[in-house]
1. Surrounded by 15 or more Cβ atoms within 10 Å (Cβ to Cβ), in contact (Cβ under 8 Å) with a residue 60 or more places away in the chain and outside any loop (DSSP other than H, G, I, E, B) - does that describe any residue in segment 107-115?
2. Looking at Gln240, Gln197 in this structure, which one is at pLDDT 85 or above and not assigned by TED's automatic domain parsing to the domain that holds His108?
3. Is it true that Ile237 is more than 18 Å from Phe195 (Cβ to Cβ) and surrounded by 18 or more Cβ atoms within 10 Å (Cβ to Cβ)?
4. Would you call Glu238 in contact (Cβ under 8 Å) with a residue 40 or more places away in the chain, under 16 Å from Lys182 (Cβ atoms) and of a type in the set (Asp, Glu)?
5. How about segment 33-84: which of its residues are small (Gly, Ala, Ser), part of a loop (DSSP other than H, G, I, E, B) and in contact (Cβ under 8 Å) with a residue 12 or more places away in the chain?
6. Residue under question is Leu186, and the condition is that it be surrounded by 14 or more Cβ atoms within 10 Å (Cβ to Cβ), without any contact (Cβ under 8 Å) to a residue 60 or more places away in the chain and under 25 Å from Thr120 (Cβ atoms); does it hold?
Amino acid sequence: MKHPVIALALSSLLFSTFAMAKPLQVVASFSVLGDMVSNIGGDRIIVTDLVKPNGDPHEFEPSPQDSKTLASADLVFVNGLGLEGWLTRLVSASGYQGKVVTASQGIHTLAMEEEGKTQTDPHAWNSAANGVIYAQNIIDALASAAPQDADYFRQQGKAYIQQLQALDAYAKKTFAAIAPEKRKVLTSHDAFGYFSQAYGVTFLAPLGFSTEAEASSKQVATLIRQIKQEKVASYFIENQTDARLVKQIANASGAQPGGELYPEALTDSTGPAASYTAAFKHNVDTLAASMK
């Protein structure tokens, strides 16, 4: 008569273990953030990016499928700082009731005047030191959402943070070896403010923080004069933006092509920037190569 009781107890234990082992369903707003979450969460989570590789997080338009994805999530990660202007509407439409984690919490933000308004620069991850802050916020959020895996997340996160600290040191060393007057480049839009502050590189761009903005003919003419005066030698395209305007400015100013950068969108798995760490190192190496 005791066997059915034992069987029932074992069944309950197995069910409980299975329930605990079920990976968290996590949604990240865009590919860079999704990769960071994935590296820390490892095999204990399943991550879905809303803005896919090579996608522009500024101009993203959510689909009904994105609403369904959000509705079934256990946890949602966003950059914040005004990057995902579409997010509040999507959360409301999806009916998602869980926690929305702002990965940039604690960042010392940068700002600039744009069209008469003070705008916060959302591209904080382009400093690897800021990436460490993102990683710590991700570790804490995952550990809180799945306490049984907290030690695992902290172990994964510690190793990941060490990678980011090494990249930060690598970038500082790389650009310190280049004369300051050579550390000037032209890019499509102003996505490298935190990179500039951290590593001493000057970026000129026709567009502000958002790719949705438009540059006036007067702004473009002023930029061309500045590029000529400051002898900016190279320009770069970005994988998630239209390259026509920056190429036109380069043609008028004499700047030469330096390659492609990945400031806010990863490539797919076959590309040179399939992860946040790969994109960061690629950007450092590609920029430095153009200055030597």
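1. For segment 107-115, residues surrounded by 15 or more Cβ atoms within 10 Å (Cβ to Cβ), in contact (Cβ under 8 Å) with a residue 60 or more places away in the chain and outside any loop (DSSP other than H, G, I, E, B): present.
2. Gln197
3. So Ile237 does not fit the description; no.
4. No.
5. Hits for segment 33-84 are Gly55, Ser72, Ala73, Gly80, Gly82.
6. It is false that Leu186 is surrounded by 14 or more Cβ atoms within 10 Å (Cβ to Cβ), without any contact (Cβ under 8 Å) to a residue 60 or more places away in the chain and under 25 Å from Thr120 (Cβ atoms).
The values are calculated or read from the model by the stated rules, or taken from the named source; none is laboratory data. Since the structure is predicted, the reported quantities are computational estimates derived from the model, not experimental observations. Cβ atoms come from the backbone with ideal geometry, glycine included; neighbour counts cover every protein chain shown.
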